[in-house]
Amino acid sequence: MDFKKYFGPGIITGASDDDPSGIATYSQAGAMFGLSTLWTAFIAFPLMTVIQTMCARIGMVTGRGLAGTLKEYYPKWVLYGTVGFGAPAIILNIGANIAGMGAVGHMMFPNID
């Protein structure tokens, strides 16, 4: 049996992220587009690295999270704007994770409703 055709870009890309919504999204994208979207990694990776490094450095210097730092050093509208954009994204991500887990559960146990 040739395992290479089952472990293609979709499963590899999906395994690189650790939440159910990411795994489902990247597996579908890999299955649909193969390696044709791999070029985006050259743009996305440096941007993600900069953001993660910047947040880590802010946390190390201030001893607070992003919201605590914004509250202390910036006007309230900056804090509220950041939380206003972040909270819906977090809530939607939680919903997508639950939906992904439900879809996998249904695939594994289709007779249970």
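The values are calculated or read from the model by the stated rules, or taken from the named source; none is laboratory data. Every value quoted in this text rests on a predicted model; they were computed, and no experiment measured them. Because the Cβ atoms are built from the backbone with ideal geometry, glycine has one as well, and the counts that use them run over all protein chains shown.
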task = Find the residue count for the stretch 62-95, including only residues that are part of a helix (DSSP H, G or I) and of a type in the set (Lys, Arg).
result = 2
query = Can you name the residue in the stretch 40-59 that is farther than 25 Å from Ala87 by Cβ and among the aliphatic types (A, V, I, L, M) and is also surrounded by the most Cβ atoms within 10 Å (Cβ to Cβ) among such residues?
reply = Ala41
task = Name every residue in the stretch 104-113 that is at pLDDT 85 or above and closer than 12 Å to Ala24 by Cβ, in order of residue number.
result = Met107
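Each row is one residue, and each column tells you yes or no for (1) at pLDDT 85 or above; (2) closer than 19 Å to Met101 by Cα; (3) in a helix (DSSP H, G or I).
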position: Thr13; (1), (2), (3): no, yes, yes
position: Asp18; (1), (2), (3): no, yes, no
position: Thr40; (1), (2), (3): yes, no, yes
position: Ala56; (1), (2), (3): no, no, yes
position: Met60; (1), (2), (3): no, no, yes
key: Residues of the stretch 20-38 classified as part of a helix (DSSP H, G or I) and β-branched (Val, Ile, Thr), total   = 2
task = Consider Ala103 carefully, then state whether it is surrounded by 13 or more Cβ atoms within 10 Å (Cβ to Cβ) and in contact (Cβ under 8 Å) with a residue 40 or more places away in the chain.
result = no
